1. Mind checking whether some residue in the range 59-68 is assigned to a loop (DSSP other than H, G, I, E, B) and exposed (fewer than 13 other Cβ atoms within 10 Å of the Cβ)?
2. Quick one: in the range 165-193, of everything that is touching a residue at least 60 places away in the same chain (Cβ under 8 Å) and touching a strand residue (DSSP E or B) at 6+ places or on another chain (Cβ under 7 Å), which residue is nearest to residue 142 (Cα to Cα)?
3. Considering each of 196, 228 in turn, give the residue that is out of contact with any helix residue (DSSP H, G or I) (no Cβ under 6 Å at 6 or more places or on another chain) and without any contact (Cβ under 8 Å) to a residue 12 or more places away in the chain.
4. Within the range 254-285, can you find the residues that are surrounded by fewer than 20 Cβ atoms within 10 Å (Cβ to Cβ) and either in a helix (DSSP H, G or I) or at pLDDT 85 or above (or both)?
5. Kindly indicate which of 159, 154 is surrounded by fewer than 24 Cβ atoms within 10 Å (Cβ to Cβ), in contact with a helix residue (DSSP H, G or I) (Cβ under 6 Å, 6 or more places away or on another chain) and assigned by TED's automatic domain parsing to the domain that holds residue 277.
6. Just for the range 79-90: of the residues that are in contact with a helix residue (DSSP H, G or I) (Cβ under 9 Å, 6 or more places away or on another chain) and either modelled with pLDDT under 90 or not assigned by TED's automatic domain parsing to the domain that holds residue 59 (or both), which one is surrounded by the most Cβ atoms within 10 Å (Cβ to Cβ)?
C-alpha cells in the first residue's frame, strides 16, 4: 500500500487512519481466518469475490485514465482462472488451459460485433489483461491452500489445522506483516525516499524494516504451526514475501500514477480499496508458492 511509509504518525489525520486500519482488521481478519481454515472451497469463494471486487476497481481506474474496459470480460477471465484452479483436484484433467482458450476465443467472437467502434481492440486487450493480472496471480492463494505436506510438531497442536491452511496463513501473515513493519519503520526511521516519482512516501528504511519483519514472521509462523521446514527456511520464505510484496505495491502505484488516481477505492476503511489490500499478495503469493514447493520437493 502507498501508505506503508506515510508521514507523521502524530497528526490527527494519521491517528484517525491508523484507528480505522485496526478496526477494519479486527473485523475482517477473524472472518478471513475462518474461511481459510473451514475448507478450500470457502477460501476459493473468498478469492473469487476478491478478484471480482478488484476487477471493478481496476476497470474504474483504467476508465479514469482513458482506457475503457468491459468489466464483464475482465471479471470472466479473473473468475474463470480461480475456478479452474479450484477444480484441479476434483476433475481428471487440468481445465486451466481449456478455460484460457475458451475465454480468449469467446471474447474475440463477442468483440466482432464492435468492429466499427474506435478503440474496441484496446478495450478488449485492457479487459483481458486486467482479468489475467488479477485472476492469474491471486489464484495462487488456492494453490497454497492445496499444499498437503504433513505438519510437524508446533506450538499449535497437530490436527487442529490442515497443512494448506497453515501455509496460506503463513504467506498472508508475512506479506501483510511486512507492510505493517514497513509502516512503523518508515515512521520512525524513514529518511531516504525509495521511489519518489512513483511512491513518494516509501523509504529505504521502511523497506528494510518490512524485510526484517517478514523474515522474523516467517520463522515464527513456521514454529507456530510446525510447518515441515526449518525456521531458517521459514525465514527465507518470509524474506521472499518481504521482497515481492513491495514490488506488488509499486506495480499498483504505477497504475494509479498512469491513470491519475490517488487511491484505487475506499471499500475498506483505513485501507482503501480491495486492490490496495491485495496488491502485495498479487506478487508475494506466486513467488512464495514456488519457494515453498521447491523446499518441499
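The values are calculated or read from the model by the stated rules, or taken from the named source; none is laboratory data. This one's a predicted model, so the numbers in the text were calculated from it and none came from an experiment. FYI the Cβ positions are ideal-geometry reconstructions off the backbone, even for glycines, and counts take in every protein chain you see.
1. So far as the range 59-68 goes, yes, one or more of its residues are assigned to a loop (DSSP other than H, G, I, E, B) and exposed (fewer than 13 other Cβ atoms within 10 Å of the Cβ).
2. Checked the range 165-193; the qualifying residue nearest to residue 142 (Cα to Cα) is 186.
3. Being out of contact with any helix residue (DSSP H, G or I) (no Cβ under 6 Å at 6 or more places or on another chain) and without any contact (Cβ under 8 Å) to a residue 12 or more places away in the chain holds for just one of 196, 228, which is 196.
4. 254, 255, 257, 258, 259
5. From the options 159, 154, the qualifying one is 154.
6. Among residues in the range 79-90 that are in contact with a helix residue (DSSP H, G or I) (Cβ under 9 Å, 6 or more places away or on another chain) and either modelled with pLDDT under 90 or not assigned by TED's automatic domain parsing to the domain that holds residue 59 (or both), the one surrounded by the most Cβ atoms within 10 Å (Cβ to Cβ) is 88.
Conditions (1) at pLDDT below 90; (2) in contact with a strand residue (DSSP E or B) (Cβ under 6 Å, 6 or more places away or on another chain); (3) surrounded by fewer than 19 Cβ atoms within 10 Å (Cβ to Cβ), marked per residue:
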position	(1), (2), (3)
28	yes, no, yes
34	yes, no, yes
43	no, no, no
70	yes, no, no
77	no, no, no
